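The values are calculated or read from the model by the stated rules, or taken from the named source; none is laboratory data. What you see is a predicted model; the values in this text were computed from it and never measured. No Cβ is skipped: glycine too gets one built from the backbone with ideal geometry, and neighbour counts run over all protein chains shown. Areas reflect the complete protein model, heavy atoms only, side chains present, ligands, DNA and RNA absent. Shrake-Rupley method; radii C 1.70, N 1.55, O 1.52, S 1.80 Å.
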Amino acid sequence: MKKIFLDMLIRRWDNLEQAQGYPTEYAYCHYDWDQVGDIITSRQWYDHNNEVYRERDHDLEETEHNLILHIHYQNAKIIFAKRLGGFYGESEFNAVNNNGIRIESKITLEEDKFTTFDRGIAQDESIVWGKPNGAFIFKPTR
């Protein structure tokens with residue numbers, strides 16, 4: 001299961017189609033996944049200025065029924081289950097990062113689509129990061 005997941009994930013993605021369709025809602029972004037040894041890296045940047053706004057290191061653990069993507073330095077995990085045509089992952093219920101922000105992440109991974117809905121919620125229930133109106137939809141970069 002781990003190999004199938006990594007074969008689908010490790011590549012460069014972008015949301016060009018979504019950004020063109022909804023330019024006032026979604027910036028044109030790139031999402032690059034790579035693997036160096038056992039470490040999985042991710043990097044995200046805006047197209048208009050090539051400014052990297054997020055870089056992370058991860059490791060992937062395979063259990064009997066799930067894959068767990070550990071996000072280094074965030075005290076966060078995304079738990080993936082195999083689904084028809086791909087994988088579906090969610091952050092742990094009531095997960096809180098090192099800054100006390102509650103993390104809500106939902107991810108789908110298919111051969112030709114990677115969607116991510118991420119929000120950070122403060123103790124006063126205000127949204128610290130993330131889009132309240134929907135997921136980012138990434139397709140493999142051509």
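A search for C-beta distances below 8 Å between a residue of region 104-127 that is under 15 Å from residue 14 (Cα atoms) and any residue that is not in a strand (DSSP E or B) and not aliphatic (A, V, I, L, M), counting only pairs 6+ apart in sequence or on different chains, returns 109/5; 110/85; 111/85; 117/130; 117/131; 117/134. Listed by first and then second residue, the pairs with beta-carbon distance under 6 Å, at least 6 apart or on different chains, first residue in region 1-23 and within 14 Å of residue 85 (Cα to Cα), second in a loop (DSSP other than H, G, I, E, B), are 8/111. For first residues located in region 85-100 and under 17 Å from residue 67 (Cα atoms), partners that are outside any strand (DSSP E or B) and open to solvent by less than 60 Å² (accessible area, probe 1.4 Å) and lie 6+ apart or on another chain with Cβ distances below 8 Å form the pairs 86/8; 87/5; 87/8. Considering only residues in region 58-71 that are of a type in the set (Val, Ile, Thr) and part of a strand (DSSP E or B), the one that is farthest from residue 107 (Cα to Cα) turns out to be 71. Is there a residue in region 119-128 that is polar (S, T, N, Q), out of contact with any Asp or Glu (no Cβ under 7 Å at 6 or more places or on another chain) and crowded, with 17+ Cβ neighbours inside 10 Å? Looking through region 119-128, none of the residues is polar (S, T, N, Q), out of contact with any Asp or Glu (no Cβ under 7 Å at 6 or more places or on another chain) and crowded, with 17+ Cβ neighbours inside 10 Å.
Restricting attention to region 10-57, and to residues there that are touching a helix residue (DSSP H, G or I) at 6+ places or on another chain (Cβ under 7 Å) and in a strand (DSSP E or B), which single residue is surrounded by the fewest Cβ atoms within 10 Å (Cβ to Cβ)? Break it down stepwise before answering.
Of the residues in region 10-57, the ones touching a helix residue (DSSP H, G or I) at 6+ places or on another chain (Cβ under 7 Å) are 26-28, 33, 35.
From what's left, in a strand (DSSP E or B): 33, 35.
Working: 33: 17, 35: 13.
The selected residue is 35.
The number of residues in region 98-118 being surrounded by 18 or more Cβ atoms within 10 Å (Cβ to Cβ) and touching a helix residue (DSSP H, G or I) at 6+ places or on another chain (Cβ under 9 Å) comes to 2.
Suppose we filter 87, 93 for residues that are under 17 Å from residue 113 (Cβ atoms) and not β-branched (Val, Ile, Thr); which single one remains?
87
Just one of the listed residues (133, 97) is more than 14 Å from the chain's Cα centre (by Cα) and within 20 Å of residue 53 (Cα to Cα), namely 97.
Identify all residues within region 58-95 that are small (Gly, Ala, Ser) and either open to solvent by less than 30 Å² (accessible area, probe 1.4 Å) or at negative phi (or both); write none if there are none. Spell out how you get there, then give the answer.
Narrowing region 58-95 to residues small (Gly, Ala, Ser): 76, 81, 85-86, 89, 91, 95.
Answer for region 58-95, where residues must be small (Gly, Ala, Ser) and either open to solvent by less than 30 Å² (accessible area, probe 1.4 Å) or at negative phi (or both): 76, 81, 86, 89, 91, 95.
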